[in-house]
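Structure first, commentary second.
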């Protein structure tokens, strides 16, 4: 084990000390997670990264370390000098660096004008409400990629903070693919009107993956749009994860009412695991989903942790599920694949 650690340290030392090697790189994948790195190591790493002047694709994992405020400044300054970058994947999870220090990295990307794809893992850092607002402002000023993945899992984000971030993302004119992870936060209310109308008003997004699982979401305020609204013209694929919230029957119907406006969807995946017990919403759900004329693939996951051992009730539930499936297929003539999972 000690020999393996020495070898890892030696390989990193080679990278840190070899300027000629760094100048030949166009792609770099560097995983330094859980290495107990502090500000000193971050400084040495930043000095080496600055030499990678031709780098186009950078995957840097420094999660679960303690780089601190100084380390954040060193590394963000180095990244700001990598102006040839097209793609960046940066893992900063569990570094206890706070919103201000995360902003150093966001602001550094202003200089990377060619950037098309960005993935930022900011999970489990000390982001407070005020700091999150300022961070959203920095995001709005600094980046405009076509492909964006943002992860703020366990970051104490509220409903207000979530909508603030959505408003910022809606102004990214080039954004086509968005993967947004807001799981395990303090989101209790989802204003669907603000969420969808803001996010798709620029009519560019074609793929959206939104993870709101493990929040305390109780209320979904439905969306009311004119039938020929220009919104949602490009949205083709939607994955919505609402696992382990507190949604009741009416709020599920509110959600499907809103989804019925996404008329160009061809792929829809919904996760409802761990919400309220199964209820009789089939007719309402079918009515709303029947408006999605282009839908080809539909995945439902209604998985509950309550077990029913009465065979008659299990058979009744199975028949009800099959009836819903048949009704959907009858209404959705173009539906190629339907996967609706129930575990009872």
### Query
Under a plain spin-label model, where a point goes 7 Å from the Cα along Cα-to-Cβ, how far apart in nm are residue 47 and residue 218?
5.6
### Message
Compute for the stretch 80-149: radius of gyration divided by Kirkwood radius, i.e. Rg/Rh, restricted to C-alpha atoms, rounded to two decimals.
### Response
0.95
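More than 23 angstrom separation, counting every C-alpha pair in the stretch 1-128; what % is that? The partial results should precede the final answer.
Details: 2181 of 8128 pairs.
Across the stretch 1-128, Cα pairs with separations above 23 Å total 27 percent.
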### Query
Between residue 31 and residue 141, what is the label-to-label distance in nm when each label sits 7 Å out along the Cα-to-Cβ direction?
3.6
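Gain in length, residue 107 to residue 269, computed as 0.36 nm per residue apart minus the alpha-carbon separation, to one decimal in nm?
Computed gain between residue 107 and residue 269 is 54.9 nm.
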### Task
For residue 86 paired with residue 129, estimate the spin-label separation in nm (one decimal), with each label point 7 Å from Cα along the Cα-to-Cβ line.
4.3
### Message
Can you tell me the length gained on complete extension of the stretch residue 171 to residue 21, counting 0.36 nm per residue apart and subtracting the Cα distance?
### Response
50.1 nm
### Task
Taking just the C-alpha trace of the stretch 58-101, give me its Rg and Dmax in Å.
10.7, 29
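The numbers here are math on the coordinates, done by the rules we state, and not lab data. Everything quoted here is computed from the prediction, not taken from an experiment. Positions of Cβ are backbone-derived with ideal geometry, glycine not excepted, and every protein chain shown enters the neighbour counts.
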